[in-house]
Amino acid sequence: MSDAAPLAAGPFAAGSVNPATLAPLPAWSPTPPEAVAGVVTAARRAQPGWAALAPSERERRIIRVGQALMERRAEISNLLWSETGRPPLESFMADLAVCVGYCKRAVAVSRKALAPEKVPLSSLEFPGKRATTYAVPRGVVGVIAPWNYPVANFMKSVLPALLAGNAVVMKPSEHTPRSGAWLAALLSEICGQGGDGALVGLVQGDGRVGAALIAGGVDSIVFTGSVSSGRKVALAAAERLIPCSVELGGKDAAIVLADCDLDRTVLGIAQWGLHNAGQNCAAIERVYVEDAIADAFIEKLGRVVARLRVATSDKDGESDLGPLQNAAQLAIVERHVTDAVSAGARVVCGGARVGPGYGFQATVLDRCSNDMTVVAEETFGPVIAVIRVPDAERAVAAANDSRYGLNGSVWTRDLARGESLAHRLEVGVAYVNNHAVAGTMPEIPWTGVRETGTGIAQSRHAYGSYVRRQTIFIDRHKDPEPYWMPSDGRSRAFAEALAGMQLGSLKSTVALLGHLKARVKALREAAR
Ligand code: NAD
């Protein structure tokens, strides 16, 4: 552990310094909570014009957003470096390298999600009727994001919201206001403002501004963040009876079986445990390794992780990961590591602060157990806790013994066995020999169980947040329906024949046809 003086949580106002260097950043202004409803109103004015565009035109502009992100990669990488301390190469590879393909594929997903659905109706049971269900934009979608991926977290919700014909109001984290504002400006520039409105609205500030956004008239809320904030958001949305998607924390487990490809597994686990300094909702924070290979696995993982360098400058090639984004997050990481060590864990590598800012060395802990804070609670930092287990059965049971359930993985050469174990992981996405990568695939539902929340990001299954369903039902049948009022002496016989037909009686079916004619005739006479 470092013997540097302990950093008090939050010595600087949120979003005021580069977390790697503590260099001050330009001031930013929060939106007064009482001004938030006005931003929603401006978005509402812009929405009908956007929804009236041909879908192909909305798609064209969204694909252009991906291209513009790529063209301006240096600009946004620098901004991400300043607000998160992430080395530009790392944020490029993780957030930007996939953006052109992501936008194109999000468009393909939207076509399926938004296509009208013809309801199959039997002409015998429902003569002359047809029904089609359409996806209708909800109106204005509020999107509240955390600081860990200030661009990517918005993209997964804002793109489908716009493709579906909605306006959006974005609320970036108070820790990364400038990256959020940059993205909102880019989206507005490409998608258009929408007359005197603002198709892509922006409000800035902390939870009070987020709460004002929900209260301020949005028609749907998509929230990504912590469990404690997510609970408040879900309650506020319930109060307004608007749809609400909450994507919350994680404590992902990886299970390493004795027959795995050790080299690839070690690299894969280092990648998905430490990428973005572990500030990933789907970071591998717990590794359950079979006793048979535990020593070899831990020794190799320690060797790889000990080589990783934490950024103290924006020079590419000189670092692999950034610091923690803020002092409070650093304090959590230090507490988890200290608690684990005092409970008997061994520091294989790392375990100390690094650099002038909120940097923490990439860390591997051996001999952890499920009762340690570092295994039970979300750490959200560059720490991989390894738990030795006798076999896969114990590993699955321990992996599922968690408040969270976002992603999980099994690492093995036996793909059939891996797949069968993956089915038993209580998570939204379970992998064999990979982890977290589905977060960059707009086709795959990103969702979880328990305190990870009920939200779904990505895929056609997420569209409940962006569209309501409206069915158009057309009846060109000429006769009145036999069950309409007024009833008469034949109504009872008709009902009995109907019951008999449903139970498969041919005699009742023939009788029904006779009663049907008579009922229709009687109804017509009743109307004369
Ligand atoms: P946070 O909950 O503190 O803040 C998230 C956002 O919510 C911020 O914009 C914040 O200002 C806003 N907010 C806070 N209180 C609010 C309220 N009462 N009403 C409305 N808005 C409110 O979370 P964080 O620290 O920024 O982010 C880290 C958390 O996000 C971690 O737990 C991580 O696992 C989670 N996360 C989850 C996913 C996922 O897909 N499941 C993705 C990324 C991050």
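Hey, among the residues in the range 126-150 that are farther than 30 Å from Tyr483 by Cβ and surrounded by fewer than 24 Cβ atoms within 10 Å (Cβ to Cβ), which one's nearest to the chain's Cα centre (by Cα)? Ranking the qualifying residues of the range 126-150, first place goes to Pro146.
Close Cβ contacts (under 9 Å, 6 or more residues apart or on different chains) running from residues in the range 480-495 that are closer than 20 Å to Glu125 by Cβ to residues that are surrounded by fewer than 12 Cβ atoms within 10 Å (Cβ to Cβ) and of a type in the set (Lys, Arg) comprise Pro480/Arg524.
Among the conditions (1) hydrophobic (A, V, I, L, M, F, W, C); (2) closer than 27 Å to Val287 by Cβ; (3) in contact with a strand residue (DSSP E or B) (Cβ under 8 Å, 6 or more places away or on another chain), Met441 misses just one, which is (3). The requirement of being more than 30 Å from Thr412 (Cα to Cα), touching a helix residue (DSSP H, G or I) at 6+ places or on another chain (Cβ under 8 Å) and away from the ligand (no atom under 16 Å from the Cβ) is satisfied by Gly500. Give just the number: which of (1) in contact with a helix residue (DSSP H, G or I) (Cβ under 6 Å, 6 or more places away or on another chain); (2) loosely packed, with under 14 Cβ neighbours inside 10 Å; (3) among the aliphatic types (A, V, I, L, M) does Met485 not satisfy? Status for Met485: all satisfied but (1). When the range 252-280 is limited to residues that are closer than 17 Å to Ser319 by Cα and aliphatic (A, V, I, L, M), the one that is surrounded by the most Cβ atoms within 10 Å (Cβ to Cβ) turns out to be Ala277.
Quick one: in the range 439-453, which of the residues that are closer than 13 Å to Tyr404 by Cβ and assigned to a loop (DSSP other than H, G, I, E, B) is farthest from the ligand (Cβ to nearest atom)?
By that ranking, first place goes to Val449.
Between Asp263, Asp291, Asp316, the distinction of being touching a helix residue (DSSP H, G or I) at 6+ places or on another chain (Cβ under 9 Å) and in contact (Cβ under 8 Å) with a residue 60 or more places away in the chain belongs to Asp316 only.
Restricting the range 407-438 to residues that are assigned to a helix (DSSP H, G or I) and under 19 Å from Ala397 (Cβ atoms), the residue that is farthest from the chain's Cα centre (by Cα) is Arg417. Arg388 fulfils the conditions (1) part of a loop (DSSP other than H, G, I, E, B); (2) closer than 12 Å to Val256 by Cα except for a single criterion, (1).
Residues being of a type in the set (Gly, Ala, Ser) and on the phi < 0 side of the Ramachandran plot: count how many of those fall in the range 439-453. Matching residues across the range 439-453 total 2.
Scanning the range 190-212 for residues that are within 16 Å of the ligand (Cβ to nearest atom), in contact with a strand residue (DSSP E or B) (Cβ under 7 Å, 6 or more places away or on another chain) and either more than 10 Å from Pro33 (Cβ to Cβ) or not in a helix (DSSP H, G or I) (or both) turns up Gly201, Leu202, Val203.
In summary, Asn166 fulfils each of the numbered conditions (1) out of contact with any Gly (no Cβ under 8 Å at 6 or more places or on another chain); (2) modelled with pLDDT of 95 or more; (3) buried (at least 23 other Cβ atoms within 10 Å of the Cβ) with the single exception of condition (1).
Looking across the range 132-147 at every residue that is part of a strand (DSSP E or B) and touching an Asp or Glu at 6+ places or on another chain (Cβ under 9 Å), the one that is farthest from the ligand (Cβ to nearest atom) is identified as Thr132. For the range 274-293, the candidate set comprises residues that are of a type in the set (Gly, Ala, Ser) and under 24 Å from Glu334 (Cα atoms); within that set, the residue that is farthest from the ligand (Cβ to nearest atom) is Ala277.
Of the residues Ser402, Ser465, only one is farther than 17 Å from Gly250 by Cα, within 21 Å of the chain's Cα centre (by Cα) and either surrounded by fewer than 24 Cβ atoms within 10 Å (Cβ to Cβ) or within 16 Å of the ligand (Cβ to nearest atom) (or both); which?
Sole residue among the options that is farther than 17 Å from Gly250 by Cα, within 21 Å of the chain's Cα centre (by Cα) and either surrounded by fewer than 24 Cβ atoms within 10 Å (Cβ to Cβ) or within 16 Å of the ligand (Cβ to nearest atom) (or both): Ser465.
The values are calculated or read from the model by the stated rules, or taken from the named source; none is laboratory data. In this text the structure is predicted, and so the values were computed from the model without any measurement. FYI the Cβ positions are ideal-geometry reconstructions off the backbone, even for glycines, and counts take in every protein chain you see.
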